[in-house]
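Chemist: Dumping the structure here so I can ask a few things about it.
Please treat every number below as a calculation from the coordinates, not as lab data. Not measured: the values here are computed from a predicted model. Cβ: placed from backbone, ideal geometry, glycine included. Neighbour counts: every protein chain shown.
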Amino acid sequence: MRAVNPFREWPMRKLFIKTYGCQMNVYDSDRMADLLAPLGYGVVETPEDADMVILNTCHIREKAAEKVYSELGRLRALKDAKAESGGKMLIAVAGCVAQAEGAEIISRQPSVDMVVGPQSYHRLPEMIARVTRGCSAVLETEFPVEEKFDSLPEERISRGASAFLTVQEGCDKFCTFCVVPYTRGAEFSRPPADIEREARRLVNSGVREITLLGQNVNAYHGNGPDGKDWGLARLIRALADIDGLERLRYTTSHPRDMDDELIAAHGELEKLMPYLHLPVQSGSDRVLSAMNRQHGRDDYFRLVERIRAARKDIALSSDFIVGFPGETDKDFDDTMDLVRQVGFAGAFSFKYSPRPGTPASLESQLPDEVKHARLQSLQALLFEQQSAFNKSCEGKIFSVLFEKAGRKQGQAVGRSPYLQPVHAEGALSLIGTLHKVRIAAALPNSLRGVLVEADARTQAKEFAH
Ligand code: 5AD
Ligand code: SF4
């Protein structure tokens, strides 16, 4: 693929970014590309022959660091090949593994030129300058999160109809299994005015849907232009006023931080999509307490009830961890029971993975067979629920935001309000816009639909016969 650089025609340098992990990393990767575009870097889709490769890494579960090292081994061969032909490939490791491992990465893999933490990547241009001037490998893993957002370019490369926008970073909750408070640092919320400016720019570049991101997004607290403290609901209300912005989402939320105003916003704002990711992790009070989740199972049930009372067509998704230290069969049954009682439209579930430096990693661990068997049972139940939810969408008319061409000719793919991929024939010209679609068939992981006007025309024709 040809490298595209909207800022400069020359000298075109090829930038390859590989993103692991969460949506915040996807946002960060995009912002790194925005940052490097004025330096002549255009994004390419493979690392071969790239002038710069960034691995934007994730540390949330095991083997992340190992995966990064084996990828670095492969990149080293490409770097050597490029050097043999007289070129130079710069390799940077970014993200949470960079933050956690720091200089260790450079000593284990000397072909790495830069190690940059998630709060320091705005310094990439000067790091590149230092490396190309002949400095040895450079490392930046500080936490100047405020400085980062102030230093990123206002301009964002246009990337389609749906965009992520980070509004909050870091976490103060310290769940005992989680590395985030250590890799991403303390909670920080961007000022509402900055967020609104970024959102308007996105909308002007064709974005119709924005997903507000934060590790603990509903703990958002920014200093509003009216001098008041704005929570996430207030921020969402302000963004919902932007003309041309049709859909808003936010992720990831903590049950403790779902306040009344945010719940009410779900009932009042049509632009706020009726799909909420609300991780519960476990259905056992004992495990929730050992996880330091600061809520019990009944709190979660009550919360779900209030959210459904505010918006009756809302669907929920969640995250689950099985095999947490000390989890008994009874605890696991409680999780299965919670899933049956709540009913989820989708969910992510994981085996507990001990993370260095976190309290739960010091506890005695359950055997992998136990974790594996529990994960299988839970995933079977969640899959059943997801399939049933998709099935329940058949015959409904959804507004779909078309994002790209489908695999079949003439077909486009978009997302329903519930984030399900929806395929429809004849929708290519609709990419970048919302259109009504009648859901004709549900598959376990996607939906097939018919454009409503086309549907109406077909019916009229059938009638004429
Ligand atoms: N082991 C397994 N899963 C984890 N998660 C976070 N830390 C761990 C861990 N140590 C899961 C949680 C979280 C999601 C992003 O990743 O479910 O919500
Ligand atoms: Fe990690 Fe989320 Fe818990 Fe924060 S609230 S420690 S990000 S799981």
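Chemist: Holding the Cα-Cα limit at 32 Å, pick out from Lys67/Lys148; Lys88/Lys408; Lys14/Lys351; Lys14/Lys148 the pairs that are longer than that.
Modeler: Where the Cα-Cα span goes over 32 Å, the pairs concerned are Lys88/Lys408; Lys14/Lys351.
Chemist: Label Ala441 and Ser289 with points 7 Å out from Cα along Cα→Cβ: what is the distance between them in nm?
Modeler: Those two pseudo-labels are separated by 5.1 nm.
Chemist: Based only on other Cβ atoms within 10 Å, what is the fewest-to-most ordering of Ser120, Ser111, Ser387, Ser70?
Modeler: Starting with the residue having the fewest Cβ neighbours, the order is Ser70, Ser387, Ser111, Ser120.
Chemist: Here's a follow-up. For region 47-96 and region 173-222, write down the distance between their C-alpha centroids in whole Å.
Modeler: Region 47-96 and region 173-222 have Cα centres separated by 27 Å.
Chemist: Just from its helices, what would the mean residue ellipticity at 222 nm be for the chain, if runs of 4 or more DSSP H residues each count -39500 (n - 2.57) and the sum is divided by every residue, rounded to the nearest 500 deg cm²/dmol?
Modeler: Helix contribution divided over all residues of the chain: -11000 deg cm²/dmol.
Chemist: Moving to a separate point now. Add +1 for every Lys or Arg and -1 for every Asp or Glu among the other residues with Cβ under 10 Å from the Cβ of Gly432, and state the total.
Modeler: With Lys, Arg at +1 and Asp, Glu at -1, the neighbours total +1.
Chemist: Under 12 Å from the Cβ of Gly117, count the other residues' Cβ atoms, weight Lys and Arg +1, Asp and Glu -1, and hand me the total.
Modeler: Combined, the nearby Lys, Arg, Asp and Glu give -2.
Chemist: Where a Cα-Cα gap under 17 Å defines reach, which aspartates and glutamates qualify for Lys271, not counting those fewer than 8 residues away within the same chain?
Modeler: Answer for Lys271, where 17 Å is the Cα cut-off: Glu196, Glu209, Asp241, Asp243, Glu246, Glu261, Asp313, listed by chain and number.
Chemist: Is any residue of region 395-431 close enough, with backbone N under 16 Å, to a label point placed 7 angstrom from the Cα of Glu270 along the Cα-Cβ axis, and if so, which?
Modeler: Within reach of a label on Glu270: 397-401, 417.
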